[in-house]
Amino acid sequence: MRIVIAEDQVLLRDGLSRLFEDSGHAVVAAFGDAAGLVDAVGSLSPDLVVLDIRMPPTFTDEGARAAGAIKRAFPAVGVLVLSQHIETTHAVELVAAGGFGYLLKDRVLAVGEFLEAAERVARGGSALDPAVVGRLLGQDRTLADLSDREREVLSLMAEGLTNTGIAKRLYLSERTVEAHVRHVLSKLSIPETEDGHRRVLAVLAHVSATR
């Protein structure tokens, strides 16, 4: 993988660089803030960007906003956000984009799992810290009440398939798939919202229950 790192803590930035390089990956750039990060991604064409949520100058959400800008400009680039604390303001939108991960920084200590998660995100998959998933869902949710067919539909939703794609995969009508999706959302107690992210929250429930 070609990797760009943005992390203001020098020790962590250097540690991440060594970790990736020791594993055979190429760190093509490392930054101490998010300024110019989007332009760098455009010129360096990395497979993965690893960045902190809070960076200079305000140490609020510079990294999260940069992550969103990268996914909008370069949707094929994987983005892995690291944070010391759970901050979900931008997370649902980024999860919906695919090729996104959100891990608490202490997960880096489990080197094998961390590298596996980074590689998965670079391939277009997801890597979500269980604590982050729990905060996004707002409560513990299990898949125990779902039928086998509803679990199958939810699994395909987690792969990113639309209702049309699910219908083709399962040889069902779109109307039948729509009914299954409604039942899944209802059984997972995901409330009606105006932001269109109920499907993403259902996928988060799937990720949380199957990891």
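Derivation of every value follows stated rules applied to the coordinates shown; laboratory data play no part. Note that the structure is a prediction, hence the values are computed from the model and not measured. Heads up, the Cβs are rebuilt from the backbone with ideal geometry, glycines too, and the neighbour counts pull from every protein chain shown.
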- Query: Among Arg120, Arg175, which comes first, second and so on when ranked by fewest other beta-carbon atoms within 10 Å?
  - Reply: Arg175, Arg120
- Assuming R0 = 45 Å, can you tell me the calculated FRET efficiency for the pair Ser173 and Leu109, based on Cβ-Cβ distance, to the nearest 0.05? 0.40
- For Thr162, other-chain or 5+-apart residues with amide H closer than 5 Å (H placed, Pro excluded) are none
- Note on the structure: In terms of the alpha carbon gyration tensor, root eigenvalues a ≥ b ≥ c, rounded if a/c is under 1.5 and otherwise prolate when a/b exceeds b/c or oblate, segment 2-135 is rounded
- Diffing segment 99-116: the Karplus 3J(HN,Hα) column from phi (6.51, -1.76, 1.60, θ = phi - 60°), in whole Hz with x for Gly and Pro, holds x, 9, x, 9, 10, 6, 4, 5, 5, 4, 5, 8, 4, x, 5, 5, 5, 4
- What are the residues whose amide H is under 5 Å from the amide H of Ala127, where those residues sit 5 or more places off or on another chain and H is modelled from the backbone? Phe100, Gly101, Tyr102
- Thr60 long-range amide H proximity, modeled H, under 5 Å: Met55
- Message: I want to check the label-to-label distance for His183 and Ala30. Put each point 7 Å from Cα in the C-beta direction and report it in nm to one decimal.
- Response: 5.2
- Message: Would any residue of segment 4-19 have its amide N under 16 Å from a label point 7 Å out along Cα→Cβ of Asp39? List them or say none.
- Response: none
- Query: Tell me, what HN-Hα J-couplings in whole Hz come from the Karplus equation 6.51 cos²θ - 1.76 cosθ + 1.60 at θ = phi - 60° for each residue of segment 119-124, using x for Gly and Pro?
  - Reply: 5, 5, 5, 4, 7, x
- Query: Between Arg120 and Leu12, what length comes free when the chain is fully extended (0.36 nm per residue of separation minus the Cα-Cα distance, one decimal in nm)?
  - Reply: 36.8 nm
